[in-house]
Each structure stands twice: as structure tokens, then as C-alpha cells.
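J.: Before I ask anything, let me first share the structure, which is written out below as C-alpha cells.
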Amino acid sequence: MAAMAGVGSQRCRRLEAETARAVLAAADTLLFDCDGVLWRGEAAVDGAAAALGRLAAAGKRLCYVTNNSSRTRVAYTEKLRRLGFPPAETRHIFGSAYCAARYLRQALPPGAAAYVLGSPALAAELEAVGIRHLGPGPAALPGPAPADWAQAPLDPAVRAVLVGFDEHFSYAKLCQALRYLLRDGSDCLLVGTNRDHRLPLEGGAAIPGTGCLVKAVETAAQREAFIVGKPNRYMFDCVVSEFNIDPARTIMVGDRLDTDILMGNSCGLTTLLTLTGVTTLEEVKGHQESDCPTRQSLVPHYYVNSIADLLPALGD
């Protein structure tokens with residue numbers, strides 16, 4: 001598509017109905033972020049389910065790529081159904097928990113285990129691919145003094161530290177993660193599900209995101225984690241390994257420039273920003289007017305106020 005030309009000269013345009021018909025006609029596959037694009041919390045974005053229903057009826061392949069590691073693929077299929085979206089199989093869901101498990105299955109030797117700072121969903125995805133794990137849930141320091149903390153037992157099978165969203169993140173877990181990463185003779189991997197620094201909530205509120213936890217472990221270990229989620233192309237590679245996808249006929253739909261749009265642009269996809277989540281139109285304009293190539297790489301090809309704006313282009 002013409003819009004796929006070099007990011008450096010890219011201009012973001014509103015996707016009006018006539019252009020939308022041509023853009024959608026040229027696409028076989030649409031990749032959707034979820035939070036802030038399809039729903040906010042437990043409420044679907046108005047018109048989003050109807051738009052995806054028409055896309056599915058038109059024969060488009062719909063996949064869901066999310067950095068959220070607190071739900072399994074099965075949980076995402078159930079949420080899509082509950083909110084009225086077209087039925088989805090688990091193979092269409094690419095959450096960072098699943099992609100992390102997939103990465104570790106490929107990267108770890110047989111029998112190796114992972115120390116997990118993350119949710120039960122992250123643990124479940126590891127179990128689904130046969131990776132033993134330890135760590136999820138609350139943890140307490142193993143004694144009153146630093147000498148006790150530095151001598152707690154370590155599992156000899158652990159060959160990776162995996163950091164996802166963890167509501168029980170603590171100094172005790174940080175200590176144990178560091179000890180695995182520094183263990184003598186260890187080639188322990190450090191993997192993060194994503195670097196999202198803040199998770200927006202209803203009414204303008206926000207909570208710290210997984211990126212804050214990943215940064216804490218990286219700071220302690222003085223090494224950088226491999227990130228499986230957006231904007232890393234590994235998540236897109238997972239989609240490509242499952243489906244025969246032509247990047248030139250694929251649209252990435254998201255609400256964040258630094259994750260959804262950056263991954264889409266770097267992977268050669270057409271990118272569509274929705275204004276129902278994190279990014280504002282003012283931010284897009286600021287990047288578009290910059291001479292910095294890094295900021296230009298965050299500029300989407302198109303934007304819409306919400307997914308419902310596609311309905312006129314999709315007919316009845």
C-alpha cells in the first residue's frame with residue numbers, strides 16, 4: 001500500500017469512510033490491541049463489537065495482540081465472547097504471557113525451570129507448554145537480616161527469571177530474582193513480558209505497569225531483559241509462525257504509539273491508531289512535526305476516534 005512508504009516522511013491521516021473502504025479491502029488480517037481499543041475494563045468500546053463482527057463477516061482474519069500478561073488465552077476468548085465480539089479461537093490470541101511461555105520453551109534446555117514474578121495466568125501459560133516454575137504469589141523475606149536473604153535455598157533447575165505483572169511484587173522476590181541471575185556459573189535468562197510503564201484506568205486514573213517491575217530487576221542485575229511484548233517484533237513473529245501473514249496486507253490497530261504503532265511500523269504493517277485509550281492526537285502531531293527519526297517511527301498511518309468509525313466503510 002502507498003501508506004507503507006518510508007516512516008521518515010509519513011503523515012498521519014484520519015481514516016475517513018472512502019479511504020477506509022480501500023484500506024480494508026487491501027487487508028487480509030487485522031491485529032488488535034485489546035485494552036483501550038476494544039474495551040475499557042469490563043465495558044466494550046461503543047460499536048467495537050459490531051465493527052469486528054462486520055470485519056469477520058467480510059472474511060478478514062482477526063488476531064489479538066496484547067501486552068497484558070494477567071490473562072490466559074482462554075480467558076481472552078471468554079472475554080471477547082462475553083462482550084459480544086466475534087468468536088475467537090485461542091490460536092488467534094497472542095498475549096505476552098503466552099508469547100513469553102513460547103519463547104522460554106524454545107530458549108530453555110529440557111527440564112529447566114523459571115523463577116516467575118507474575119500472575120497465575122503467566123504461570124498457567126508456562127504450565128501449558130510444559131515449563132516448571134516457581135515464584136507466583138506472595139513471598140516473605142527468609143529471615144531478619146541481609147545474610148539470611150542472601151542464603152535462602154535456590155532451585156538448581158531454574159535457568160530463567162520471567163517478569164510480568166505481579167501484584168505481589170516485593171523486595172523478597174527482587175532478592176531471589178537477583179540471586180538466580182547472579183548464581184555462580186549461571187547462564188540464567190532474564191525475560192520480561194513488556195515495558196508498559198503505566199496502566200490507564202477509568203476516569204484518568206493509572207497504576208504502575210509491568211515495565212516498572214522489569215526495570216527494578218534490570219537495575220539490580222545490571223543487565224537488560226529480553227522483552228517479548230510490543231514493540232518487540234517477537235510478538236508479531238509469533239503471529240506469523242501461526243498464520244500465513246503478508247505484512248503488506250496486515251493492519252495493526254492500537255491505542256499506544258510506543259507499543260502498538262511502533263511494532264506495526266517496524267514490521268512493515270499499516271498502522272491505525274484509535275483515540276479511545278492512551279495516546280492523544282496532540283501526541284501524534286508532536287511526533288509528526290519532529291525531525292527526529294525515532295519520533296517519526298511512532299507516527300501511525302491513520303487514526304480514528306474509535307473502532308466504531310469503521311462501520312460506515314463496512315456496510316450493513
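J.: Could you tell me whether T250 is hydroxyl-bearing (S, T, Y), open to solvent by less than 10 Å² (accessible area, probe 1.4 Å) and under 22 Å from E89 (Cβ atoms)?
T.: For T250, the condition - hydroxyl-bearing (S, T, Y), open to solvent by less than 10 Å² (accessible area, probe 1.4 Å) and under 22 Å from E89 (Cβ atoms) - is met.
J.: Could you say whether any residue in the stretch 88-95 is free of Cβ contacts under 8 Å to residues at least 40 places away in the same chain, touching a strand residue (DSSP E or B) at 6+ places or on another chain (Cβ under 9 Å) and not aliphatic (A, V, I, L, M)?
T.: Yes, the stretch 88-95 has at least one match.
J.: Another question, if that's okay. Out of the helices (runs of 4 or more DSSP H) lying entirely within the stretch 28-117, which hold 2 or more residues that are modelled with pLDDT under 95 and β-branched (V, I, T)?
T.: Hits in the stretch 28-117: none.
J.: Could you grab me the full set of residues in the stretch 128-150 that are of a type outside the set (A, V, I, L, M, F, W, C), modelled with pLDDT under 95 and surrounded by fewer than 17 Cβ atoms within 10 Å (Cβ to Cβ)?
T.: G137, P138, P142, G143, P144, P146, D148 - these are the residues of the stretch 128-150 that are of a type outside the set (A, V, I, L, M, F, W, C), modelled with pLDDT under 95 and surrounded by fewer than 17 Cβ atoms within 10 Å (Cβ to Cβ).
J.: What are the residues in the stretch 216-236 that are part of a helix (DSSP H, G or I) and among the aliphatic types (A, V, I, L, M), if any?
T.: A216, V217, A220, A221, M235
J.: Quick one: D196 ticks every box in (1) charged (D, E, K, R); (2) outside any loop (DSSP other than H, G, I, E, B); (3) open to solvent by 10 Å² or more (accessible area, probe 1.4 Å) bar one, so which box is it?
T.: It is condition (2) that D196 fails.
J.: Let me ask something else. Which members of the stretch 280-306 meet the condition of being farther than 11 Å from Q10 by Cα and open to solvent by less than 10 Å² (accessible area, probe 1.4 Å)?
T.: V284, V304 - these are the residues of the stretch 280-306 that are farther than 11 Å from Q10 by Cα and open to solvent by less than 10 Å² (accessible area, probe 1.4 Å).
J.: Take the conditions within 22 Å of D258 (Cβ to Cβ) and either in contact (Cβ under 8 Å) with a residue 24 or more places away in the chain or surrounded by 14 or more Cβ atoms within 10 Å (Cβ to Cβ) (or both) and apply them to D187. Does it pass?
T.: The answer is no for D187.
J.: Looking for whichever is without any contact (Cβ under 8 Å) to a residue 40 or more places away in the chain and outside any loop (DSSP other than H, G, I, E, B) here; the options are T271, T279. Which one fits?
T.: T271
J.: While we're on this one: Can you pull out the residues in the stretch 58-72 that are over 8 Å from the mean Cα position of the chain (by Cα), open to solvent by less than 50 Å² (accessible area, probe 1.4 Å) and not hydroxyl-bearing (S, T, Y)?
T.: K60, L62, C63
J.: If I ask for residues that are within 15 Å of L181 (Cα to Cα) and either without any contact (Cβ under 8 Å) to a residue 60 or more places away in the chain or open to solvent by 50 Å² or more (accessible area, probe 1.4 Å) (or both), which ones from the stretch 115-127 would you list?
T.: Scanning the stretch 115-127 gives a single hit, V116.
J.: Is there a residue being touching a His at 6+ places or on another chain (Cβ under 9 Å) and either on the phi < 0 side of the Ramachandran plot or open to solvent by 60 Å² or more (accessible area, probe 1.4 Å) (or both) anywhere in the stretch 213-235?
T.: yes
J.: Just a yes or no: is a residue in the stretch 240-247 at pLDDT 95 or above, aromatic (F, W, Y), surrounded by 16 or more Cβ atoms within 10 Å (Cβ to Cβ) and more than 15 Å from L298 (Cβ to Cβ)?
T.: No, the stretch 240-247 contains no residue that is at pLDDT 95 or above, aromatic (F, W, Y), surrounded by 16 or more Cβ atoms within 10 Å (Cβ to Cβ) and more than 15 Å from L298 (Cβ to Cβ).
J.: Can you tell me which of (1) more than 24 Å from R223 (Cα to Cα); (2) part of a strand (DSSP E or B) is the one V161 doesn't meet?
T.: (1)
J.: Residue check: is G130 free of Cβ contacts under 8 Å to residues at least 40 places away in the same chain, within 30 Å of V158 (Cα to Cα), small (G, A, S) and in contact with a Phe, Trp or Tyr (Cβ under 7 Å, 6 or more places away or on another chain)?
T.: No: the conditions fail for G130.
The values are calculated or read from the model by the stated rules, or taken from the named source; none is laboratory data. None of the values given here were measured: they were computed from a predicted structure. Please note: Cβ atoms are built from the backbone with ideal geometry, for glycine as well, and neighbour counts cover all protein chains shown. Only protein heavy atoms, including side chains, enter the accessible area calculation; ligands, DNA and RNA are left aside. Shrake-Rupley method; radii C 1.70, N 1.55, O 1.52, S 1.80 Å.
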